[in-house]
Amino acid sequence: MTPHAPRTTPQQKVYDVCIVGSGAGGGMAASVLTQAGADVIVLEAGVPWDNTKDSAMLTWPYDTERRGASTPERPFGEFDACVGGWNIEGEPYTRAPGTRFDWWRARMVGGRTNHWGRISLRFGPRDFRHKSLDGLGDDWPISYDDVKPYYDRVDRLVGIFGSKEGLPNEPDGIFLPPPRARCYELLVKQACAKLAITCIPSRLSILTRPLNGRAACHYCGQCNRGCRSNSNFTSTNVLIAPAHATGKLTLVTNAMARAVTLDRSGRVTGVAYVDKTDHADRQVRARVVVLAASACETARLLLNSKSSLFPNGLANSSGVVGKYLTDTTGTDMAGFIPRLADGVPHNEDGVGGMHLYMPWWLDNAKLDFPRGYHIEVWGGRQQPSAGSMGGIQRYPGGGGYGKDLKDMYRRYYGAVVGFSGRGEQIPNDDCYCEIDPVTVDRWGIPVLRFHWKWSDHEIKQVKHMHETFQAIIHELGGTPLWPMPGADDQYGIAPGGRIIHELGGTRMGDDPKTSVLNRWCQAHDVRNLFVTDGGPFVSQADKNPTWTILALAWRTSEYIVDRMKRGDL
């Protein structure tokens with residue numbers, strides 16, 4: 001995990017595989033390939049990080065002047081594990097006029113796996129063939145059955161808790177026991193039962209039993225800070241560290257990829273990058289290149305890798321690189337629940353996330369929008385820090401000064417329950433990224449320009465989310481803390497990119513004219529080039545994508561090993 005930037009020249013060492021990015025897809029590729037004996041180098045644009053040493057897991061908010069408030073490089077709070085954000089100094093991006101897309105980048109070993117909520121959901125059988133079912137979007141060239149063996153392997157390696165439910169499009173996994181529901185979650189489950197809304201134990205990649213030498217979660221509830229006991233999943237210590245231990249991995253941090261290099265025959269030969277520590281241009285040579293820099297960053301890298309053979313960008317004979325970009329739809333609502341006021345102090349410890357959630361439970365054929373969503377639940381008596389219970393003036397009788405205000409905080413502490421809807425966007429022609437013709441970053445690399453437009457499908461879906469949130473809050477006997485957004489505000493749908501689930505841009509398919517990659521995430525145009533991040537996804541789902549990124553990366557890496565043994569690469 002030590003930062004390392006070899007001063008290579010084109011005449012020096014040739015690695016078996018060069019991987020760009022160390023997040024979920026890059027980490028899994030590094031793990032599988034090194035254990036198969038390949039000599040691998042990983043280029044990571046961010047800084048070194050080891051959650052077992054660098055985490056602020058047990059730091060009290062009052063130990064710092066900021067009390068846990070956000071910083072420019074940690075927008076989710078100064079104790080949050082992930083270094084990055086929607087705005088990074090010296091790394092701009094642009095938006096087409098009249099559109100908005102907010103692009104999150106992580107800049108550290110392990111990438112976004114240091115930030116995410118560990119919600120680990122498999123895509124279901126329907127999610128791979130929606131076009132065949134409702135005529136919208138495109139089908140994947142693979143099925144759930146193709147990916148299932150790799151989902152199973154990820155479950156066994158990484159660890160996930162959950163419950164066997166037998167729901168048709170919410171596949172069960174190989175689960176550890178789920179933690180018990182908290183008090184407020186039990187009330188939510190009761191309300192959902194009365195409203196005929198499915199509510200089940202959540203599925204998170206946090207260990208409730210020891211697994212593969214990693215300790216079980218001790219329920220400090222600070223998963224977002226990075227786990228010192230290595231009880232939740234990050235690529236950093238579950239994938240990259242074991243890969244490093246094989247002696248087959250070279251990890252180069254602060255390495256900003258500039259372009260993929262290739263020879264006159266059209267085979268990639270490595271990656272050119274900028275050493276951010278001294279701004280020097282360097283190059284790594286490899287027999288195979290795997291891009292796992294995140295969906296948009298990978299598209300940027302391909303579009304910037306122009307040559308006489310690929311004047312529109314590497315592996316872009318189809319013109320599809322950067323196209324069919326999607327993000328998860330999202331919106332939120334919270335309500336004051338009088339039954340939870342004046343709560344008796346009690347042990348509400350648990351994992352750093354929800355213990356219950358609501359998978360999609362309705363038939364879209366009976367609704368005015370075509371795809372579903374799931375609901376995440378939040379609330380309870382969490383550790384207070386900067387911003388806790390902000391907006392108390394919205395509570396009944398809220399606001400005031402002095403002792404009355406302090407008593408009000410004590411009374412209402414834990415009396416709010418919130419809901420976040422996360423749904424499926426259907427790919428459309430209006431959502432894509434391209435190279436901005438003028439703007440470059442601090443290293444002179446051309447940046448992305450985003451185009452974005454939600455369709456009526458997503459806007460109607462989010463409207464339904466809010467109607468559901470309000471129904472649950474009212475069933476709980478509560479009051480929403482703010483009005484439901486209206487049609488003029490697109491019912492409060494989050495801007496593209498805000499949910500940080502962007503997928504597509506290098507989608508897979510059987511037809512080289514309409515896709516960038518084949519079913520093995522191998523470029524149609526360049527046989528020794530692969531992608532293992534969210535770029536190959538043909539579509540979103542009403543589920544978080546990380547578990548599918550991990551499974552596909554494992555599948556692709558095994559294919560690379562097989563083809564290398566055959567001499568095809």
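The values are calculated or read from the model by the stated rules, or taken from the named source; none is laboratory data. Quick caveat, the model's predicted, so the values are computed rather than measured. Backbone-built Cβ (ideal geometry, glycine too); neighbour counts: all protein chains shown. When the accessible area is computed, the model is the full protein with side chains, heavy atoms only, and any ligands, DNA or RNA have been set aside. Shrake-Rupley method; radii C 1.70, N 1.55, O 1.52, S 1.80 Å.
Summary of computed values
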read-out	value
Verdict on residue 495 being open to solvent by 10 Å² or more (accessible area, probe 1.4 Å) and under 23 Å from residue 299 (Cα atoms)	yes
Residue within the stretch 512-529 that is charged (D, E, K, R), in contact with a Leu (Cβ under 9 Å, 6 or more places away or on another chain), within 18 Å of residue 433 (Cβ to Cβ) and at pLDDT 95 or above present	no
Count of residues meeting criterion [over 18 Å from the mean Cα position of the chain (by Cα), open to solvent by 10 Å² or more (accessible area, probe 1.4 Å) and either at pLDDT 95 or above or closer than 15 Å to residue 288 by Cα (or both)] in the stretch 11-30	4
First in the stretch 531-544 and touching a residue at least 40 places away in the same chain (Cβ under 8 Å), second anywhere and among the aromatic types (Phe, Trp, Tyr) and part of a strand (DSSP E or B), Cβ under 8 Å, 6 or more apart	542/373
Odd one out for residue 146, checked against (1) surrounded by fewer than 16 Cβ atoms within 10 Å (Cβ to Cβ); (2) touching a residue at least 12 places away in the same chain (Cβ under 8 Å); (3) in a loop (DSSP other than H, G, I, E, B)	(3)
Counted residues, the stretch 198-228 - those being open to solvent by 20 Å² or more (accessible area, probe 1.4 Å) and in contact with a strand residue (DSSP E or B) (Cβ under 8 Å, 6 or more places away or on another chain)	5
Test set (1) out of contact with any Gly (no Cβ under 8 Å at 6 or more places or on another chain); (2) open to solvent by less than 30 Å² (accessible area, probe 1.4 Å); (3) in a helix (DSSP H, G or I) - residue 500 fails condition number	(3)
Unique match (being under 22 Å from residue 398 (Cβ atoms) and touching a residue at least 12 places away in the same chain (Cβ under 8 Å)) among 375, 337	337
Any pair with Cβ under 8 angstrom, 6 or more apart, that starts in the stretch 250-270 at a residue that is under 15 Å from residue 49 (Cα atoms) and open to solvent by less than 10 Å² (accessible area, probe 1.4 Å) and ends at one that is of a type in the set (D, E, K, R) and assigned to a loop (DSSP other than H, G, I, E, B)	251/44; 252/44; 253/44; 255/44; 255/276
Residue 459 being not charged (D, E, K, R) and not in a loop (DSSP other than H, G, I, E, B)	yes
Near pairs, Cβ below 6 angstrom, 6+ apart or cross-chain, from the stretch 452-463 (farther than 20 Å from residue 375 by Cα and open to solvent by less than 70 Å² (accessible area, probe 1.4 Å)) to any residue that is part of a helix (DSSP H, G or I) and of a type in the set (D, E, K, R)	none
Which listed residue is of a type outside the set (Phe, Trp, Tyr), touching a helix residue (DSSP H, G or I) at 6+ places or on another chain (Cβ under 7 Å) and under 25 Å from residue 504 (Cβ atoms), from 291, 249	291
Hits in the stretch 272-291 - residues which are in a strand (DSSP E or B) and either open to solvent by 50 Å² or more (accessible area, probe 1.4 Å) or of a type outside the set (A, V, I, L, M, F, W, C) (or both)	273, 275, 281, 282, 283, 285, 287
Matching residues, the stretch 149-186, being open to solvent by 20 Å² or more (accessible area, probe 1.4 Å), touching a Lys or Arg at 6+ places or on another chain (Cβ under 7 Å) and assigned to a helix (DSSP H, G or I)	150
Among residues of the stretch 47-69, those that are under 15 Å from residue 385 (Cβ atoms) and either open to solvent by less than 50 Å² (accessible area, probe 1.4 Å) or in contact (Cβ under 8 Å) with a residue 24 or more places away in the chain (or both), counted	10
Subset of the stretch 122-143 (residues that are free of Cβ contacts under 8 Å to residues at least 60 places away in the same chain and more than 30 Å from residue 161 (Cα to Cα))	131, 132, 133, 135
Lone qualifier among 440, 447 - being among the β-branched types (Val, Ile, Thr) and open to solvent by 30 Å² or more (accessible area, probe 1.4 Å)	440
